[in-house]
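Quick notes on the structure that follows.
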Amino acid sequence: MSSTNVCPISRVYVWELPVRLYHWVNALCVVALAVTGFLIGRPLAIQMSAEASFSYWFGWVRFAHFVAAFIFFFNFLGRIYWGFVGNTYASWRNFIPYRREQLQEVGEVLKVDILQATVKPMESIGHNALAGITYFLTFLAFLFQCLTGFGLYSAMSQAWLPKMFAWVVPMMGGDFAVRQWHHMAMWFFVVFAMVHVYLVFYHDYVEGRGVISSMAGGWKFVERDVDQP
Ligand code: HEM
């Protein structure tokens with residue numbers, strides 16, 4: 001090799017600290033909300049001989065759901081803010097397919113992920129176009145869970161934040177209907193999480209750019225000729 005001292009790989013700082021924090025806080029909250037929410041919807045028939053006042057487990061499950069819900073909500077607001085002030089990979093522009101190249105890239109990603117017709121790295125270093133659209137759908141699902149969740153909570157709380165959502169329950173046909181919608185939306189998160197984790201591992205393998213570790217340290221490793229956003 002003639003240029004033995006030149007490294008053909010450079011590292012790019014893709015995910016800033018606020019994006020990484022948002023990601024892991026969000027992941028923890030979604031798991032906590034799905035588990036506690038599932039228990040609220042289908043409570044366990046625990047039988048124990050302890051005095052009733054010492055076995056307040058269902059109250060703790062609900063309390064955990066509400067604490068996680070507030071963290072989830074403000075974390076989500078923080079990510080929306082960062083979509084306007086963060087770096088190019090964090091920008092809201094990655095989530096809305098308004099450019100022709102983004103739609104072309106969706107086709108390319110489908111060839112890799114679904115058809116498995118080709119095994120080649122994506123040109124994009126941040127989110128690929130299909131991932132961006134999918135995350136936009138998850139943001140809509142977050143919004144839906146916050147609207148329905150705080151709508152339900154407004155009947156149980158005097159705090160100003162839940163009270164701002166008091167209009168949701170009458171608009172959506174009552175408490176029972178809203179609980180059903182809120183419950184069904186949980187399954188979107190369960191399916192999303194499974195597909196998301198699978199694809200992260202798959203792209204790590206196909207691209208060889210350190211996709212998995214990038215959400216810990218922020219860096220990806222790319223060929224020199226594609227390190228410009
Ligand atoms: C990823 C987000 C969330 C998931 C997966 C989720 C899941 C669930 C599920 C499955 C239930 C049980 C519904 C039923 O069958 O009756 C539930 C109940 C509930 N959730 Fe959520 N939830 C989420 C976010 C939120 C948020 C942001 C709030 C806002 C405060 C919230 C407030 C509530 C309330 C008030 C109930 C009813 C509790 C009760 O009546 O005892 N949830 N949730």
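All of the numbers you see were taken from the coordinates with simple rules; none came from a lab. Nothing here was measured: the structure is a model prediction, and the numbers come from that model. No Cβ is skipped: glycine too gets one built from the backbone with ideal geometry, and neighbour counts run over all protein chains shown.
General observations
- Only listed residue being more than 14 Å from ASN26 (Cα to Cα) and surrounded by fewer than 18 Cβ atoms within 10 Å (Cβ to Cβ), chosen from LEU130, LEU137, LEU143: LEU137
- When ALA141, ALA159, ALA166, ALA216 are screened for being over 23 Å from ALA64 (Cα atoms) and of a type in the set (Gly, Ala, Ser), only ALA216 passes.
- Positions within the stretch 148-185 being on the phi < 0 side of the Ramachandran plot and not in a helix (DSSP H, G or I), in sequence order: SER154, ALA155, MET156, SER157, GLN158, ALA159, MET164, PHE165, ALA166, TRP167, MET172
- Within the stretch 159-199, tally of residues that are in contact with an Asp or Glu (Cβ under 6 Å, 6 or more places away or on another chain) and more than 12 Å from the ligand (Cβ to nearest atom): 0
- Subset of the stretch 51-102 that is part of a helix (DSSP H, G or I) and of a type in the set (Gly, Ala, Ser) - its residue that is nearest to ALA159 (Cα to Cα): ALA69
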